[in-house]
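Below is one structure; the comments refer to it alone.
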Amino acid sequence: MALRELGAAVRWLRENTEPASVGLPAEGRRRVRGLRREELAELAGVSADYVRRLEQGRSHPSAGVVGAIARALRVGRADYERLCALAGYAAAEGHVPREAGAAAVRLLDRFGSTPVFLTDAAWNVVAVNGAWLALECGAPAGNARDWNVAWRTFRNALGGISRTDERAAGFQAMLVARLRSTFARYPADESLAELVDELRSTSRPFDTWWRAPATAAPYENRAVFRHPEAGEITLDGNLLEVPGDDLMAVVLTAAPGSADAARLGEVVGASGKPAVVRVGQAGPG
């Protein structure tokens, strides 16, 4: 399975690499998209037949060959780490950090009336601010994994949040791509492996996205939050990196001057929720 996924990933990267980006001369209209197998082979110092067998999942490359292919394609760190992981070479050791440091918690506090929550790299929510709690759509339902965004998205979606089909697909693709990148960076994290295994075996959409050879793109998404009293509030979500703790902050904002902004202000102003709450609920990943 891993070798087939590795082959698919190499092929996708090859077909989506512009020749000029790797130093090849510009040509007229090309009959194939991206690089030819022969071109990648020459750049990586292997044979074209080897590239073909690799893409077909019939060759297990050495760590050196994985590095050579990554350098030939000039891929970023995330793609390199994924190729290493699929080939069976650990790109990093250790476990996903799950603690929010003091600076990260202060970040939530400073957002004030803007709903924000922090997750670790495996999408476990570790802290939320009062504005997020005021939306009243993120309460756990009693399962140990309720605070994991991936599990909630693919196994037990929150009823108070909805998206269009297009935006839901974009959200799922981004979420899985980032989780896959985390899986490559922390191959020794058993609880993360358990989460991924369960989602792949119980959610066909998750498994489909997992096998899609794409890397994480910048995240921006829109969702409708249904508050029990204020009704529907449309918010745009953005993702901020907190690199020191390897955390992510999901920030939700309403269009300035809109009815959604007014409803959000009323909800947050009347909630009386604490500024920041550390979730601290253990769960796989």
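The values are calculated or read from the model by the stated rules, or taken from the named source; none is laboratory data. Not measured: the values here are computed from a predicted model. We place every Cβ from the backbone using ideal geometry, glycine too, and count neighbours over all the protein chains shown.
Scan region 69-83 for residues that are basic (Lys, Arg) and under 15 Å from residue 24 (Cβ atoms) and jot them down.
Those that are basic (Lys, Arg) and under 15 Å from residue 24 (Cβ atoms): 71, 74.
Cβ-Cβ distance below 6 Å, separation of 6 or more or different chains: which pairs start in region 133-155 with a residue that is at pLDDT below 80 and end on one that is among the hydrophobic types (A, V, I, L, M, F, W, C)?
Pairs found: 137/158; 137/161; 137/225.
What residue, of 38, 15, 99, 42, is surrounded by fewer than 19 Cβ atoms within 10 Å (Cβ to Cβ), within 27 Å of residue 248 (Cα to Cα) and among the acidic types (Asp, Glu)?
99
Scanning for something crowded, with 16+ Cβ neighbours inside 10 Å and modelled with pLDDT under 90, does region 249-265 turn up at least one residue?
The answer is no; no qualifying residue exists.
Suppose the filter is modelled with pLDDT under 90 and touching a strand residue (DSSP E or B) at 6+ places or on another chain (Cβ under 7 Å); does residue 275 pass it?
Yes, satisfied.
Please give the number of the condition residue 26 fails out of (1) at pLDDT 90 or above; (2) touching a Pro at 6+ places or on another chain (Cβ under 8 Å); (3) of a type in the set (A, V, I, L, M, F, W, C).
Just one mismatch for residue 26, condition (1).
Regarding region 217-231, can at least one residue be identified that is farther than 22 Å from residue 137 by Cβ and either touching a Gly at 6+ places or on another chain (Cβ under 7 Å) or modelled with pLDDT of 90 or more (or both)?
No, that holds for no residue.
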